[in-house]
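A short reminder: the numbers here are calculations on the coordinates, not readings from a lab. Computed from a predicted structure; not experimentally measured. With ideal geometry, Cβ positions are generated from the backbone for all residues, glycine too; neighbour counts draw on all protein chains shown.
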Amino acid sequence: MDILVTGGDGFVGQHLCAELVDRSHDVTSLSRTPDPSVLPGEVELTEGDVTDYDSIEGEFEGKDVVMNLAALPPLHQPPRETSHDSVCIGGSINAVEAAEEHGVSKFIEMSSLGADPNGKIAYWRTQGLGEEVVRYSDLNWVVFRPSFIFGEGSETFTFIRQHTTPYVTVLPDGGNQPRFQPIWIGDCVQMFVDGIENDEYVGEIYELAGPEVLTLGDVARLLYGTDGKSIEILPVPMLLAVIALNAVDPIPQIPLGVNQARALKMSNTTRYNDINEFGFTKSELMSLSAYLA
Ligand SMILES: NC(=O)c1ccc[n+]([C@@H]2O[C@H](COP(=O)([O-])OP(=O)(O)OC[C@H]3O[C@@H](n4cnc5c(N)ncnc54)[C@H](OP(=O)(O)O)[C@@H]3O)[C@@H](O)[C@H]2O)c1
């Protein structure tokens, strides 16, 4: 198959493109600043911005499948020159229009667990709206909503290390919130490729989550455990953390704010885990504890 992956040189894209190449597909990765060092040599790299239709439209010609991974991470506030709205909603509108224009057979939208068009957090609200753009198109579509994905290159690990310290650290509510159901990139990629190669998944939304429900504190403990370091968590009241994050929101030099304050209280877990639709059972998935051990 001839496959276009927007955001193909990001964390998820790198792993996905490598697997697609291993399975002998022709793969093109599109991003604003293509990075050949993170992708197999067989992947064609192309420069384009999903918020600018003319810069991406031509790349959709002749593609069998488009996997739309272009997004901004939720961990920090995006730089002022861009926004979740422009990339997740505007980008999906442009990508869908280009896919329709060029008769792409299948469009796969990468969303995430918690996506909600009426949500209060920009990342999840715009992903919910991006999903709607795709669902109401004329395309054969599939939507994936994974929970926090872990693996080599995960920005979440870097983020936790940036905002905590080994041995003793301070976390809102003692790290008891938020809660996640982390899923390993290696398992996710098998499900994504299944969605690309097989047509039985068309027209459905799939929530994908890992075998464990962990808090932020649990993840920090596991992460520092890999360095042989223990971590004592000192609680700071949630209200104080929320007030502080709201207060720094207007300061461009601090990439944290209202959205991160709201995300602190969210539960990124699912009761409707769809991993079994892709032939997986919970016990077969890699857990974060096992991965970091
Ligand atoms: N990582 C997770 O834990 C996780 C969990 C659930 C869902 N997801 C979803 O999976 C997708 C990929 O996430 P990721 O972790 O791989 O993100 P990532 O590492 O931040 O990669 C994002 C990719 O999108 C590209 N991009 C950003 N803005 C763009 C634009 N305007 N035009 C074209 N390309 C653009 C980036 O390249 P340039 O900056 O060079 O353009 C990069 O290649 C996202 O939809 C994300 O919401 C991720």
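Compactness of region 160-293 is given as radius of gyration and Dmax, 17.6, 50 Å, from Cα positions. Listed by chain and number, the lysines whose C-alpha is less than 25 Å from the C-alpha of Lys63, apart from same-chain residues fewer than 8 away, are Lys106.
Spatial offset of region 69-147 relative to region 169-187 amounts to 24 Å, using the alpha carbon center of each.
Shown for Phe278, Phe107: other C-beta atoms within 10 Å of each C-beta, ranked fewest to most, produce the order Phe278, Phe107.
Based on Cα coordinates alone, diagonalise the gyration tensor for the chain, multiply each eigenvalue by 5, take square roots, and list the semi-axes in whole Å, largest first. Kindly include the intermediate steps, with their values, before the conclusion.
On the way: eigenvalues 204, 94, 62 Å².
Largest first, the chain gives 32, 22, 18 Å.
Remark: the Val170-Glu100 segment gains 20.2 nm on full extension, using 0.36 nm per residue and subtracting the alpha carbon distance. Between Ala244, Ala99, Ala70, the GNM of the chain built on Cα springs shorter than 10 angstrom shows Ala244 fluctuating the most. Here's the picture: charge each Lys and Arg Cβ at +1 and each Asp and Glu Cβ at -1 in region 109-229, and of Asn176, Gly195, Ile149 the one pushed furthest to the positive end of that dipole is Asn176. For Asn276 and Glu197, the FRET efficiency from 1/(1 + (r/R0)^6), where r spans their Cβ atoms and R0 equals 22 Å, is about 0.75.
Neighbour counts of other C-beta atoms within 10 Å: give me Leu45, Leu69 arranged from fewest to most.
Ascending Cβ contact count within 10 Å gives the list Leu45, Leu69.
Counting beta carbons within 10 Å around each of Glu81, Glu232 and listing the fewest first gives the order Glu81, Glu232.
Cα centroid distance between region 1-63 and region 208-274, in Å? First find each Cα centre; the distance between them is then 31 Å. Extension gain, Leu239 to Leu45: 0.36 nm times the residue separation minus the Cα-Cα distance gives 65.3 nm.
Please pull out the direction-averaged projected area of region 245-291, using the convex hull of its alpha-carbon atoms, in nm² to one decimal place.
For region 245-291, averaging the hull's shadow over all directions gives 5.6 nm².
If R0 is taken as 25 Å, the Cβ-Cβ distance between Ser230 and Ala290 corresponds to a FRET efficiency of 0.80. Above 28 angstrom, tally the Cα pairs of region 45-189 and express them as a % of all pairs, no decimals. When all Cα pairs of region 45-189 are counted, 25 percent exceed 28 Å.
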